[in-house]
Amino acid sequence: MRRLPTEEPDACHTAIDEAVRAAGRDPGVIVRACDLSLTGAPETWPDQIGRLATGQRASRRFFLDEEDDGGDPVSLVRRPGEQTAPCARELLGL
C-alpha cells in the first residue's frame, strides 16, 4: 500500500477536490484520511504529526511505526500511544 509522504499531500488533495467537484459535491464535506509513515527517531514523530495536523486537511491519520519493534507487536501500539500522541497533543495545544 502506498503511504502519503508528509512532504507531498497537496497534489493528492488537488486530485480529490477535482474528482469531488466532477461528481457535483463540495470538497469541504469530504472526510479525508491519510496513511503515512513516520520516519526517523520516535522523538521526531510529534513534530511530523504536528506539521500534518496544522498544514493539511486530513482529519484522520493512520500511521506505521517503521522502528524495529524486535518482533514485539505490543510496542508497535504502546510507543505511539504512550509517547508520541501525548507530545503531539501538547505541541498542538490539545
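The values are calculated or read from the model by the stated rules, or taken from the named source; none is laboratory data. For clarity, every value in this text was computed on a predicted model and none was experimentally measured. Here the Cβ positions follow ideal geometry from the backbone for every residue, glycine too, while neighbour counts run over all protein chains shown.
So here's what we get for this one:
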{"read-out": "Segment 1-48 - residue that is part of a loop (DSSP other than H, G, I, E, B) and in contact with a Ser or Thr (Cβ under 7 Å, 6 or more places away or on another chain) and, of those, modelled with the lowest pLDDT", "value": "ARG3"}
{"read-out": "Answer residue from segment 49-62, given it is assigned to a helix (DSSP H, G or I) and exposed (fewer than 14 other Cβ atoms within 10 Å of the Cβ) and is modelled with the lowest pLDDT among those", "value": "GLY55"}
{"read-out": "Scope segment 21-52; condition of a type in the set (Val, Ile, Thr) and over 26 Å from GLN83 (Cβ atoms); matching residues", "value": "VAL29, ILE30, VAL31"}
